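The values are calculated or read from the model by the stated rules, or taken from the named source; none is laboratory data. Since the structure is predicted, the reported quantities are computational estimates derived from the model, not experimental observations. Neighbour counts run over all protein chains shown; Cβ positions are idealised from the backbone, glycine included.
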Amino acid sequence: MSILVFIEQRDGQVRSVCREALGEATRLATALGGPVVGVCAAASDPGLAALGEAGADKVLLAAHAAFAGYDAAGYTRAVVAAVEAVKPAAVLFSASSMGRDLAPRVAARLGAGLATDCVSLAVEGGRLIAARPVYAGKALQKVAFPRTPALASLRPKVFAPVSPAGRSAAVEPLVLDHDVAASRAKVVRVAAAGGGKVDLTEAEVIVSGGRGMKGPEHFALLEDLAAALGATVGASRAVVDAGWRPHAEQVGQTGKTVSPKLYVAVGISGAIQHLAGMTSSRCIVAVNKDPEAPIFKVADYGIVGDLFEVVPAFTQAVRKLGA
Amino acid sequence: MIQVVCVKQVPDTETRVKVAADGRNLDPAGVTWVLNPYDEYAVEQALRIREQQGGGEVVALTVGGAGVQTTLRNVLALGADRAVHLRTDLPAPDPLALARALAAEIKALEPGLAWFGKQAVDDDQGQVGAMVAELLGLPCAAVACAFALEGDKVTAEREIEGGREVLELTLPAVVTAEKGLNEPRYASLKGIMAAKKKIIEEKPAALGEPNLEVIALELPPPRAAGRIVGQGVEAVPELVRVLREEAKVI
């Protein structure tokens, strides 16, 4: 049976996170013996044939002027129409802001089970099993699907894209009857955050600060380190609640759960709700003046010391590597 | 205007998770139960709208076992007018089953706004609000971090990668709340006293067929012990070396 993948585009560009979902779809399709089919809603073809390189055999394109930006009702119709056309065993989304918004709507429309933010998918005895962190990562839940299609959204930065296959995907139109005027919710504007920063959930490297930073003015130190490492700045709940940093930067149980290649925790003691959100990082570095801080129990490498001395020295040393 | 706020009782975020004997659910022993943190923002926004409009009704709605009524009482203490408890003794119904039970009740209440937290901090699915909207054919602003109501027009903002989406919706609508939407209030003593007299209506939850089957709950493997590379600034060259040569991350 086939695997359907929702292909996400913004501003006419396919988002790279889709390559991760296509990679996993390719592995599942090998186990289940079917093609990988993409579905994309856009104003015009954002270069979908190139997704053959990422594992797609075919991509269905629902083209409509109203689909240039995210249109929840229209995108839902597009994915549901693709499911009806393709009858897949599974439908995969990225657990991006768009995928998280869209997948439950599609699931409700299809009456299908959805597992969000999955970190692994497996075929066991012919049925799909999804593993997903719960309690912000304090535990892992495994779920099965009583019916097909099984719907799953995949946590960014966890699934590997396939290496270029040197082929192109067939692009076919998906004809929809979509009444734009009937939509009672519209995205009227997208306001870009400054600097075109990579979102925490998609960052390769994160530098996070906690109460040990002593005040919002000192986060410039972390921004310098982040610039040197090509990182995104994160924050603990304590500093977000104190108003030092915006909530979008919070890592932990009431913030974002992240899995970067490198997570640098600076002046963060390591409350359980923070650890839950970042312990799936590949490599964790902690800088803290308290050698007993719980953060050192999960850190691969730690420096005990004054962050106001250590961080600038670390920034300098990283800059030298790049020079 | 009637507003419905759908809430969930969840383990406190400081909870250390233990797996129950069935190998599939949380061991509830010793767990402190609280109102889902994101639901606090939903409750707060509904109360503010009622206050701005100088009237209307805020109905708290939940699904769960007998124990969830303490959380409904807390929402009543914050200022909700009454509560409906859809009773089930299943430990953790799946999101679509929950959405169906909630949608049936919300439809009967005919609210102008139905509020949710963006996700519950126990199963972290983040599905139910958008599913209810879809089941009822209502527009939905999910993960809203800003909200304004003028007449029957809602303007909401949601964070996306590298920016914010600004949405416009027409009532009736569903909104799911993100942290930062507002600064939730605490219950006053007067509110706590008044809550004791407010009505919690109990009825069975119409969950329907399950849509997901939980087959296991496991604790993640502990991280291998790391090491302190040194003290203070002198340790920086060694840190850079191990990150480059051992971990190969810079």
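Among the candidates A:GLY55, A:GLY34, A:GLY137, the residue that is on the phi > 0 side of the Ramachandran plot, of a type in the set (Gly, Ala, Ser) and away from chain B (no Cβ under 14 Å) is uniquely A:GLY55. Is it fair to say A:ALA89 is over 18 Å from B:ALA133 (Cα atoms), touching a strand residue (DSSP E or B) at 6+ places or on another chain (Cβ under 6 Å) and more than 11 Å from chain B (Cβ to nearest Cβ)? No; evaluated as a whole, the condition is false for this residue.
Take A:ALA227 and decide whether it is surrounded by fewer than 19 Cβ atoms within 10 Å (Cβ to Cβ), among the hydrophobic types (A, V, I, L, M, F, W, C) and part of a helix (DSSP H, G or I). Considered against the rule, which asks whether it is surrounded by fewer than 19 Cβ atoms within 10 Å (Cβ to Cβ), among the hydrophobic types (A, V, I, L, M, F, W, C) and part of a helix (DSSP H, G or I), A:ALA227 comes out as yes. Scanning segment A:292-323 for residues that are more than 7 Å from chain B (Cβ to nearest Cβ) and assigned to a loop (DSSP other than H, G, I, E, B) yields A:GLU292, A:ALA293, A:PRO294, A:ALA323.
Out of curiosity, is A:ALA238 more than 25 Å from B:PRO221 (Cα to Cα) and modelled with pLDDT under 95?
Working: more than 25 Å from B:PRO221 (Cα to Cα): yes; modelled with pLDDT under 95: no.
Against the criterion (more than 25 Å from B:PRO221 (Cα to Cα) and modelled with pLDDT under 95), A:ALA238 does not qualify.
Contact annotation: residue pairs with Cβ atoms under 6 Å, 6 or more positions apart or on different chains, pairing a residue in segment A:215-237 that is more than 16 Å from A:ASP199 (Cβ to Cβ) with a partner that is of a type in the set (Ser, Thr, Tyr), are A:ASP224/A:THR315; A:LEU225/A:THR315; A:ALA228/A:THR315.
Scanning segment B:201-249 for residues that are exposed (fewer than 15 other Cβ atoms within 10 Å of the Cβ), within 8 Å of chain A (Cβ to nearest Cβ) and among the basic types (Lys, Arg) yields B:ARG227, B:ARG244.
Taking segment A:1-58, which residues are in a loop (DSSP other than H, G, I, E, B) and not small (Gly, Ala, Ser)?
If the condition is that a residue be in a loop (DSSP other than H, G, I, E, B) and not small (Gly, Ala, Ser), then A:MET1, A:GLU8, A:ASP11, A:ARG15, A:PRO35, A:ASP45, A:PRO46, A:ASP57 are the ones that fit.
Screening A:LYS261 on (1) facing chain B (nearest Cβ under 7 Å); (2) within 27 Å of A:ALA95 (Cβ to Cβ); (3) in contact with a Phe, Trp or Tyr (Cβ under 7 Å, 6 or more places away or on another chain) shows it passes everything except condition (3). Would you check if there is a residue in segment A:138-161 being modelled with pLDDT under 90, among the small types (Gly, Ala, Ser) and either within 30 Å of B:ARG24 (Cβ to Cβ) or not assigned by TED's automatic domain parsing to the domain that holds A:LEU225 (or both)? Scanning segment A:138-161 turns up no residue that is modelled with pLDDT under 90, among the small types (Gly, Ala, Ser) and either within 30 Å of B:ARG24 (Cβ to Cβ) or not assigned by TED's automatic domain parsing to the domain that holds A:LEU225 (or both).
A:LEU4 is checked against (1) touching a Pro at 6+ places or on another chain (Cβ under 6 Å); (2) more than 23 Å from A:PRO156 (Cβ to Cβ) and fails just one. What number does that condition carry? Going through (1) touching a Pro at 6+ places or on another chain (Cβ under 6 Å); (2) more than 23 Å from A:PRO156 (Cβ to Cβ) one by one, A:LEU4 breaks only (2).
Can you tell me which residue among A:VAL106, A:VAL134 is under 19 Å from the mean Cα position of the chain (by Cα), within 27 Å of B:ASP27 (Cα to Cα) and among the β-branched types (Val, Ile, Thr)? Step through it out loud before you land on a result.
Working: A:VAL106 fails: within 27 Å of B:ASP27 (Cα to Cα).
Sole residue among the options that is under 19 Å from the mean Cα position of the chain (by Cα), within 27 Å of B:ASP27 (Cα to Cα) and among the β-branched types (Val, Ile, Thr): A:VAL134.
Residues in segment A:111-132 that are within 25 Å of A:GLY255 (Cβ to Cβ) and facing another protein chain (nearest Cβ under 7 Å): A:LEU114, A:ALA115, A:THR116, A:ASP117. Take A:VAL83 and tell me if it is within 27 Å of B:ALA104 (Cα to Cα), within 13 Å of chain B (Cβ to nearest Cβ) and either surrounded by 19 or more Cβ atoms within 10 Å (Cβ to Cβ) or not small (Gly, Ala, Ser) (or both). Considered against the rule, which asks whether it is within 27 Å of B:ALA104 (Cα to Cα), within 13 Å of chain B (Cβ to nearest Cβ) and either surrounded by 19 or more Cβ atoms within 10 Å (Cβ to Cβ) or not small (Gly, Ala, Ser) (or both), A:VAL83 comes out as no.
In segment B:183-215, what residues are assigned to a loop (DSSP other than H, G, I, E, B) and of a type in the set (D, E, K, R)? Step through it out loud before you land on a result.
First pass over segment B:183-215, keeping only residues assigned to a loop (DSSP other than H, G, I, E, B): B:183-188, B:196-199, B:205-212.
B:GLU183, B:ARG185, B:LYS196, B:LYS197, B:LYS198, B:GLU209, listed by residue number.
Residues in segment B:144-157 that are over 19 Å from the mean Cα position of the chain (by Cα) and surrounded by fewer than 21 Cβ atoms within 10 Å (Cβ to Cβ): B:ALA148, B:GLU150, B:GLY151, B:ASP152, B:LYS153, B:THR155. Taking segment B:1-16, which residues are over 16 Å from B:TRP33 (Cα atoms) and either within 14 Å of chain A (Cβ to nearest Cβ) or within 13 Å of the chain's Cα centre (by Cα) (or both)? Passing the criteria: B:VAL5, B:CYS6. Only residues that are crowded, with 20+ Cβ neighbours inside 10 Å and either on the phi > 0 side of the Ramachandran plot or within 14 Å of another protein chain (Cβ to nearest Cβ) (or both) were counted in segment B:63-91, giving 2.
Residue count for segment B:25-39 under the criterion of being under 24 Å from A:VAL143 (Cβ atoms) and free of Cβ contacts under 8 Å to residues at least 40 places away in the same chain: the result is 5. The residue that is surrounded by the most Cβ atoms within 10 Å (Cβ to Cβ), among those in segment B:158-182 that are assigned to a loop (DSSP other than H, G, I, E, B) and modelled with pLDDT of 95 or more, is B:LEU181.
Every condition in (1) of a type in the set (Val, Ile, Thr); (2) within 22 Å of the chain's Cα centre (by Cα); (3) more than 8 Å from chain B (Cβ to nearest Cβ); (4) surrounded by fewer than 18 Cβ atoms within 10 Å (Cβ to Cβ) holds for A:VAL207 except the one numbered (4). From the residues in segment A:268-283 that are at the interface with another protein chain (Cβ under 7 Å from one of its Cβ atoms) and outside any loop (DSSP other than H, G, I, E, B), which one is surrounded by the fewest Cβ atoms within 10 Å (Cβ to Cβ)? Top of the filtered list is A:ILE272.
In segment B:93-143, the qualifying residues are those that are of a type in the set (Gly, Ala, Ser) and away from chain A (no Cβ under 11 Å), and the one that is surrounded by the most Cβ atoms within 10 Å (Cβ to Cβ) is B:ALA114.
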